[in-house]
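This report refers to the structure that appears directly beneath it.
Since every read-out is calculated from the coordinates, none of them should be taken as a lab result. Since this is a predicted model, take the numbers as computed values, not measurements. Cβ atoms come from the backbone with ideal geometry, glycine included; neighbour counts cover every protein chain shown.
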Amino acid sequence: MHDLIESVIVIVAPRRCAGCDEPARGIFCAACDALLEHAATPTAMFHYGGPIADAIHRYKYQGRSDLSGALGSLMARGATRQWAGKVDAVVPVPLHWRRRRARGYDQAALLAKPVARALGVPALIHGLRRVRHTPSQVELPHHERRRNVDGAFASRKLRGAERVLLVDDVRTTGATLAAASEALREGGVGTIHTLVLATRVLT
């Protein structure tokens, strides 16, 4: 019955590739899927570039919040392989409320939900707060990124969440994840793992 329903949905509303928006049977079409470069680390799903970079750009900057389920499911697969039974909660790296209001959604928060469901733990969407409205890290050179996010986050007391999986969309220098992790430790979290959809190397 489930397969029949799935077939009807595909006919009525065909799936589209997350990278190029062409018809696809899965998350990516065959052409884009062949170009994906998987990261050789448990803390990231892909290397940033090609179809995954296109998908993330559309997701973040073109209002495509509908891609959160597909991209989040990719992260969920990696999370269950690595951290099933090893974390108590999933916490997203939050946007500042001004940027969230301008974008209309918080992309990391949407990604965190399917990850948490797959792990069978709560998604603590408000576990971290962004207390400073900082310039986008994308616009800054490497040496300024850590200073930009120092003190940018504050953690709520996360009772029962001794082990946390911290989730974000892209890691470049790791400065944002480091600042968010520091805030979580100040809030009492003992063990922090990180997972991003893509890891990016500055050139």
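At each listed q (0.14 Å⁻¹), what is the log10 of I(q)/I(0) that the Debye formula gives for segment 36-199 modelled as equal alpha-carbon point scatterers?
-0.66
With +1 assigned to the C-beta of every Lys and Arg and -1 to the C-beta of every Asp and Glu, and no other charges, what is the dipole magnitude of segment 36-199 about the Cα centre in debye, to the nearest 20?
Details: 25 positive and 13 negative charges, 101 e Å.
Its charge dipole is roughly 480 debye.
Amide H to amide H under 5 Å from Val164: which residues, 5+ apart in sequence or cross-chain, H placed 1.01 Å off N in plane?
Long-range HN contacts for Val164: Asp88, Thr191, Ile192, His193.
Explain nothing, just compute: Karplus ³J(HN,Hα) = 6.51 cos²θ - 1.76 cosθ + 1.60, θ = phi - 60°, for every residue of segment 81-93 in order, whole Hz, x for Gly and Pro.
5, 9, 10, 4, x, 10, 10, 9, 6, 10, 10, x, 6
Using 7 Å Cα-to-Cβ label points, what is the Ala34/Arg117 separation (nm, one decimal)?
3.2
Per-residue HN-Hα couplings for segment 155-170, Karplus 6.51 cos²θ - 1.76 cosθ + 1.60 at θ = phi - 60°, whole Hz, x for Gly and Pro?
After applying 6.51 cos²θ - 1.76 cosθ + 1.60, I find 9, 7, 6, 9, 5, x, 10, 6, 10, 10, 9, 8, 10, 8, 7, 9 Hz.
Show the residues, 5+ positions off or on another chain, whose built amide H is closer than 5 Å to the amide H of Glu37.
His47
Would you mind getting me the FRET efficiency between Arg103 and Lys157? Use the beta-carbon distance for r and R0 = 30 Å, nearest 0.05.
Numbers: r = 28 Å, r/R0 = 0.93.
Using R0 = 30 Å, I get an efficiency of 0.60.
Roughly what % antiparallel, to the nearest 5, for the DSSP beta bridges in segment 36-199?
Numbers: 4 of 20 bridges.
So the antiparallel bridges amount to about 20 percent of the total.
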